[in-house]
1. Please go through the stretch 106-116 and give me each residue that is within 21 Å of the chain's Cα centre (by Cα) and open to solvent by 10 Å² or more (accessible area, probe 1.4 Å), ordered by number.
2. Restricting the search to the stretch 79-97, which residues are in a loop (DSSP other than H, G, I, E, B) and open to solvent by 50 Å² or more (accessible area, probe 1.4 Å)?
3. Starting from the stretch 42-54, take each residue that is under 16 Å from His145 (Cβ atoms) and open to solvent by 10 Å² or more (accessible area, probe 1.4 Å) and list its partners that are near the ligand (Cβ under 6 Å from one of its atoms) and at pLDDT below 95, counting only C-beta distances under 6 angstrom and pairs at least six apart or across chains.
4. Among the residues of the stretch 51-78, which ones are of a type in the set (D, E, K, R) and either more than 12 Å from the ligand (Cβ to nearest atom) or assigned to a helix (DSSP H, G or I) (or both)?
5. For the stretch 191-212, which positions are open to solvent by less than 20 Å² (accessible area, probe 1.4 Å) and in contact with a Ser or Thr (Cβ under 9 Å, 6 or more places away or on another chain)?
6. Given the conditions (1) free of Cβ contacts under 8 Å to residues at least 40 places away in the same chain; (2) closer than 23 Å to Thr30 by Cα, report the number of the one that Ala236 does not fulfil.
7. Quick one: would you say Leu75 is assigned by TED's automatic domain parsing to the domain that holds His225 and touching a strand residue (DSSP E or B) at 6+ places or on another chain (Cβ under 7 Å)?
8. So, restricting to helices (runs of 4 or more DSSP H) that lie completely within the stretch 125-236, which ones have at least 2 residues that are more than 16 Å from the ligand (Cβ to nearest atom) and within 22 Å of Asp52 (Cα to Cα)?
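The values are calculated or read from the model by the stated rules, or taken from the named source; none is laboratory data. Keep in mind it's a predicted model, so treat the numbers as computed, not measured. Cβ placement follows ideal geometry from the backbone for every residue including glycine, while neighbour counts extend to all protein chains displayed. Ligands, DNA and RNA are excluded from the accessible area calculation, which covers all protein heavy atoms including side chains. Shrake-Rupley method; radii C 1.70, N 1.55, O 1.52, S 1.80 Å.
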Amino acid sequence: MSAHASTPARVTIPTLAQKKAAGEPIAMVTAYDYPGAQIAEAAGADVVLVGDSGAMTVLGYDSTVPVTVDEMLMLTRAVRRGLSNPMLVGDLPFGSYEASDGDAVRTAQRFVKEAGCDAVKIERGGATVARARAIVDAGIPVMGHVGLTPQSVNALGGYRSQGRTAEAALHVARDAAALQEAGCFALVFEAIPSEATAAIVPGLEIPVIGIGAGPAADGQVLVFHDLLGIYGGHAARFVKRYADLRTAMVEGVAAYVDDVRSGGYPAAEHSYAMEPGEAERLRDLLAE
Ligand code: KIV
């Protein structure tokens, strides 16, 4: 595979802080398997998130809510095997960290010990702030996530953009500041009006990675299957499609199915041959 861009060295928390200070946008993308990780690395991504969006994009659930820790760990381990230099962030799934600091630390430790994560991500402000602090205190870097937090889709009443009024945006700003104060090294802002992001980001010291949060964020993240046009489900407004791989994949598999049915596959070049004379000997042996 030829690299379009290379990530020169292992990306760490100081790397991201330096990029923010220098005004260099941070490129983050999700991945859920070994080839996806290799592709993200070859493309030069700074950060690879094994998002719980994988619940929908690769596991076929209706939302991110049902995915389990064990399922996320399996996806994350596959990504780890395909990744060298980008920072690997594991997404703690719904129900695995909210109830207590102990749950939060134990789950985060599993993502580090069993899947080789460099950091973990958790959603929401409010009670999550204490969980973030507990995980940071246990020595594990935490990325926060505010705005539209899909794990709370039922409480939010759907996948709606957040912070559309001054008061609602102030709420996002307070959550962001609290997560920063709790020790988070970066934040995801999801589905937040561009003006709100532009107003909030200058007041934060840590990098903000946006998804549907406009250009004022310090970086951007998109879901691998959305940006490559692999996922067939509904695409949010903020998704930009950079390829239509689903169509290409369906065409490729359909051509194979047609070939099998018409006898066009396999041809001689896809088949193995016996040594000269062995086929005749075999027929004689079978006839005995
Ligand atoms: O699960 C995910 O992919 C995410 C990103 C959209 C930030 O949380």
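1. Residues satisfying the conditions are Thr107, Gln109, Arg110, Val112, Lys113, Glu114, Gly116.
2. Those that are in a loop (DSSP other than H, G, I, E, B) and open to solvent by 50 Å² or more (accessible area, probe 1.4 Å): Ser84, Phe94, Gly95.
3. none
4. Asp62, Asp70, Glu71, Arg77
5. Listed by number, the residues that qualify are Ala191, Ile192, Val208, Gly210.
6. (1)
7. Spelling it out, Leu75 is indeed assigned by TED's automatic domain parsing to the domain that holds His225 and touching a strand residue (DSSP E or B) at 6+ places or on another chain (Cβ under 7 Å).
8. Hits in the stretch 125-236: 128-137, 153-156.
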